[in-house]
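This report concerns only the one structure given below.
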Amino acid sequence: MRRPATLHAARELAAVYVLPARVAIFILRARRLARQIGDAWGPDAAARPRELAHLLALARGRSEVVELGTAVGWTAIALALADRRRRVTSVDAVVHEQRARYLELVPGHVHERIDFVEADAALAATSSADGDPAPAGVDLLFIDAGHGREQTIAEFQAWQPRLAAGAVVAFHDYRHPEHDGVAEAIEELGLEGEVAGGMFVWRQPRTCVSG
């Protein structure tokens, strides 16, 4: 009979098999660290492995990524790990202290390609807290911040001028029972797209020019 710890480890390994090897190793190490430091919220707030796999598939070939809603940084780190040419800007008004511990699990060249911005998700589209301009030519925008209808609308409208032609916008927690505001925002915005891995995916027309 398997010991509970061994069974738990086997389940974790099975869950992450859908991820690229570098990302899977990081997620396993991050989960282990979370248990060691007593961080129950971080793993719960992070995208599940299959959701993350869908997001990484959407990100393939895309080098300028913005994430709204950092949490403890697992998704931003995974996006940077998956492509060595990719830069990731991750925006959150709250800095969770555990984030620094998870960053220690990856090499310095990964840190260098992630810009963590402490700011309101919509306001950060204008400039960061230190006055630096927000990234332009964004080819993947991952919205996973407030989840309320008005917040989600404001975030999308603020960042849309920063999108590159043909950019992808992924709204996390679409049709999640605890986040009705995401679906309500998409309906009010009149966006047409597809559903993949718990996300609603909208694509910027290729005829548009980035802001």
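The values are calculated or read from the model by the stated rules, or taken from the named source; none is laboratory data. Just so you know, these numbers come straight off a predicted model, no measurement behind them. With ideal geometry, Cβ positions are generated from the backbone for all residues, glycine too; neighbour counts draw on all protein chains shown.
Given (1) at pLDDT below 90; (2) within 15 Å of the chain's Cα centre (by Cα), identify the lone condition not met by Val117.
(1)
Return yes when Val95 is in a loop (DSSP other than H, G, I, E, B), free of Cβ contacts under 8 Å to residues at least 40 places away in the same chain and in contact with a strand residue (DSSP E or B) (Cβ under 6 Å, 6 or more places away or on another chain) and no when it is not.
yes
Just to be sure, is Glu178 among the charged types (D, E, K, R), more than 18 Å from the chain's Cα centre (by Cα) and within 20 Å of Arg50 (Cβ to Cβ)?
Yes; evaluated as a whole, the condition is true for this residue.
Tell me yes or no: at least one residue of the stretch 87-98 is of a type in the set (Gly, Ala, Ser) and touching a helix residue (DSSP H, G or I) at 6+ places or on another chain (Cβ under 6 Å).
Yes, the stretch 87-98 has at least one match.
Taking the stretch 1-29 as the region of interest, how many residues are of a type in the set (A, V, I, L, M) and either under 21 Å from the mean Cα position of the chain (by Cα) or modelled with pLDDT of 85 or more (or both)?
Looking only at that region, the number is 10.
For the stretch 199-211, name all the residues that are at pLDDT 85 or above and surrounded by 15 or more Cβ atoms within 10 Å (Cβ to Cβ).
Listed by number, the residues that qualify are Met199, Phe200, Val201, Trp202, Arg203, Gln204.
Name the pairs: first residue in the stretch 105-117 and over 16 Å from Val23 (Cβ atoms), second residue of a type in the set (S, T, N, Q) and in a loop (DSSP other than H, G, I, E, B), Cβ to Cβ under 9 Å, at least 6 apart or on different chains?
Asp115/Ser128; Phe116/Thr70; Val117/Thr70; Val117/Ser128
Scan the stretch 158-175 residue by residue and report those that are part of a helix (DSSP H, G or I) and over 18 Å from the mean Cα position of the chain (by Cα).
Within the stretch 158-175, just Pro161 meets the criteria.
Take the residues in the stretch 26-55 that are under 27 Å from Gln160 (Cα atoms) and touching a Leu at 6+ places or on another chain (Cβ under 7 Å); name whichever of them is surrounded by the fewest Cβ atoms within 10 Å (Cβ to Cβ).
Ala53
Looking at the stretch 162-181, I want the residues that are farther than 12 Å from Leu68 by Cβ and modelled with pLDDT of 85 or more and have a partner that is among the acidic types (Asp, Glu) and assigned to a strand (DSSP E or B) with Cβ atoms under 6 Å, at least 6 apart or on another chain. Which pairs are those?
Going by the 6 Å Cβ cut-off, the qualifying pairs are Ala164/Asp139; Ala167/Asp139.
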